[in-house]
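Below is one structure, written out as structure tokens, with a few remarks after it.
Each reported figure results from applying straightforward, stated rules to the coordinates on display, with no laboratory input. None of these values were measured; they are calculated from a predicted model. Glycine gets a Cβ as well: all are built from the backbone with ideal geometry, and neighbour counts include every protein chain shown.
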Amino acid sequence: MRIRHLTLMLLPVLSTGVVGCSGGQGNVLGGIPSIAFIQRTVQETGNVFEYAGGGTDGNLFTLTPPTASGVRKNLTNWKGGDVNSVDLSFDARELVFSGKAPGDDNYHIYRVNVDGSNPCDAAMGKVSVGACQVTAGPNDQVDPIYIPGGRIFFVTNTNVEGPAVPQFQDEYERAKTAQAATMNLDGSDLQLGPRNVSHRVAPTLLSDGRILLTEWRHLGETNEGDLTILNQDMTGTREGFGREGKGLTNSYLRAKEVSPGVLVSIGTSRDRTFQAGKLLLVNLGGTDVSMQSEARSSAQDLTPDVPGDRTPSFTGVGRYYDVVPLAGKTDKYLVSWADGPVETEVLAMAKANPDFGIYVYDAQSHQRFPVVNDVGSWEVSPLPIVKRAEPPALKGAFMAQGTQSTMLAAINVYDSTMFPSLTPGSVKKVRISEGFSSEEGFPSDFGLTEFDGQSRLGEADVGADGSFKALIPANTPVRLQLIDKYGLAVASNGAPGGDNASEPLWIQGRPGEARVCGGCHESRTEAIQIAPGSSTLQALGAAALDFPGEDRQQRMSTDFSPDKVMGVPWDKALQPIFDAHCADCHNGQPGAANPSYTLTDLTDMTTFSWTFDLTGKPVTLSFGGNMYTYSASHVSLMGPSMALREKQVMVTAGEIKTYVEPGDAYASVMIQMLNPPARYPAIDLNDGAFGSRATKPQHPAEVGVYNGFDGADPKYQLTPDEYYLLDLMADNGGQYFSRENKPGGY
């Protein structure tokens, strides 16, 4: 659900026919003899991470020379098919592309020689024309690129855990998520990488041999596409650009290397811009790989007039869909560009689509020189057909010794730039939670927050030296939280109410991979040196949270005690607490204990009134075009904000109050009022996270002054285990559904 903003009405300027560089502009491409490009008819593609849809009548072409008078050659000759990405071999003889052949329901990977001949037949001594199909089956394979050693890197919605396990569904359109994979040129030796909760798309090969792609990073309110770097064997995932607040836009797409350490990328909103946006020059922090980091990175806007958000662009400004640096040129780029607003809702009102064509962009003069643009179709993915050096084959990341699970470890959790106020001894454990989505049979929305599903795998002890080690299921995305003596994820500023000490990031690894950090968000300008055989890489002594045999049944709670709880289903784990201790007073009856408010929808002038209620009474809300039923207690504590995101509302009576801050127990009013007691190393009912619990409040009936004092009526006293469940619910996002609510279980 997203807020919709409609602004001014603009119509695109449509080109007429084929144009090209000629006359005084004939050398703008720097003597490149030929280019490849894709021509396709595309419908609305509002999601920037859409990887397998929207196109029809697509074909792969070459243009020799790349001018208006050049010869255009159709390498696919498909009628009713689609082509959506392409890459060139190192020797410039062959193209690999992803396409949906006529009559096929899925995108697969194909190879074709630049001259139009079939490379697969040629390898067997035969001569034929046309592309050969490399992959097949019921899944999509897209975005292929050549990597060293005669292999192809691509993304696919094939599940690394096998067909019996449903693939993740992205949080936006609930499409099957695309993940990393590699294979030989003929499709053999398929290797599937570890899963992220959301898509990984648009890979590119760096000259040093590493792979850079866009990773959809969604965890709570974090919802963006950042540049991520990984090794050729899909180990060693690390941040590239966009994660630490230095970005100029929400997401970065189709990045290409200009020179070592320097990229050019499309900077765009996450949606509604037809996957198009600004041209950004990104510096990863230097040419030396060991010096590259988010901390040293920077970005330069090459197209300052182009909006970086969803705002419609002006005529003459437009938006860019693709960008490729021209070899030997530091200020000229081969681009795909469309004029006009290039915004889905504005063009929908005009019943129009953007018209992307191929141009050369001069970053100094901000001029565009046309290469090819046919009315009624998109010309995208321009690719100069020139040889390039093949990078070296790289070794994988650290390998864990003694396990085929993934091992997570930190040398010292207090070595942190994100949480500088943490003092040695303040972190007792590291909580590790698995992420999943609605593919497991849930409604599209798990509850009234932006979080998807989480299941607590367990907690690893932090040693006296600040280190921890834990084994987790391979290929499974997890998040880490540092836990203090109260069982709460510690605050980044060392005080209650600060940001939760958990970078909004999913971490995953391949079987036998060791994901080792110096600390929890340690200095990004320092390299970690770990010698082979180091105890840090050994599985011995690691907390066993990996559940041998990939038995997913073991990843659900049958016991909600702190040592065994995994998911926190609201109806099963939390409602019994409210029924036992809270619902006598907080029962939906207006009064001092149950404040009320009224909202008015300014669109249709309907009203919604609510009174605080911690009972399990079912409440049905409508949002995003769907109806969802939660409990009154969930609506009361989380607030109706998610259900109102599509609406223009005004509070016409009372005041909306959110009692749980999703993902941050320390900042949650409810947790502050309850003042949970210390848990580690032993339970201390007098020591509260927000002050002493030993003194009875002056006015215990007043909102905000209850401090967990245990001298009141025993009926209203929570047990330490009940406190922990409420804390865990808040820190993990406050959602209603958990895996334990899956119909029929596993």
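Overview of results
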quantity: Charge tally in the Cβ shell below 9 Å around residue 728, where Lys, Arg are +1 and Asp, Glu are -1, residue 728 excluded; calculated: 0
quantity: Summed side-chain charge close to residue 175 - residues other than residue 175 whose Cβ falls under 11 Å, Lys, Arg +1, Asp, Glu -1; calculated: -4
quantity: Amide H contacts under 5 Å for residue 271, placed H, 5+ residues apart; calculated: 48
quantity: Under-5 Å amide H pairs with residue 631, H placed in peptide plane, nonlocal only; calculated: 619
quantity: Residue order, fewest to most surrounding Cβ atoms within 10 angstrom, among 418, 407; calculated: 418, 407
quantity: Amide H within-cut-off set for residue 130, under 5 Å, with H built and near neighbours excluded; calculated: 117, 118
quantity: Cβ crowding within 10 Å averaged over residues, with 232-240, 198-206 ranked highest first; calculated: 198-206, 232-240
quantity: Fewest-first sequence of 668, 293, 259 by Cβ atoms within 10 Å of each Cβ; calculated: 259, 293, 668
quantity: DSSP bridge orientation in the chain - percent antiparallel, rounded to nearest 5; calculated: 95
quantity: The stretch 169-270: chymotrypsin sites (Phe, Trp or Tyr not before Pro) in DSSP loop, at most 11 other beta carbons within 10 Å; calculated: none
quantity: Global form of the stretch 34-384, assessed from the alpha-carbon gyration tensor, a/c cut-off 1.5; calculated: rounded
quantity: Point-to-point label distance, residue 104-residue 651, nm (Cα→Cβ direction, 7 Å offset); calculated: 5.5
quantity: Proxy reagent accessibility, fewest Cβ within 10 Å first, across 634, 366, 586; calculated: 366, 586, 634
quantity: Sum of side-chain charges, residue 325 neighbourhood, beta-carbon under 9 Å (Lys, Arg +1; Asp, Glu -1); calculated: +2
quantity: Candidate values (1) 89, 67, 48; (2) 109, 72, 65; (3) 77, 70, 70, label of the one derived for Cα extents along the principal axes in Å; calculated: (1)
quantity: Filter on 256/332; 429/572; 429/469 - keep pairs with C-alpha separation over 18 Å; calculated: 429/572
quantity: Value of relative contact order over the chain, rounded to a whole percent, pairs C-alpha under 8 Å and six or more apart; calculated: 11
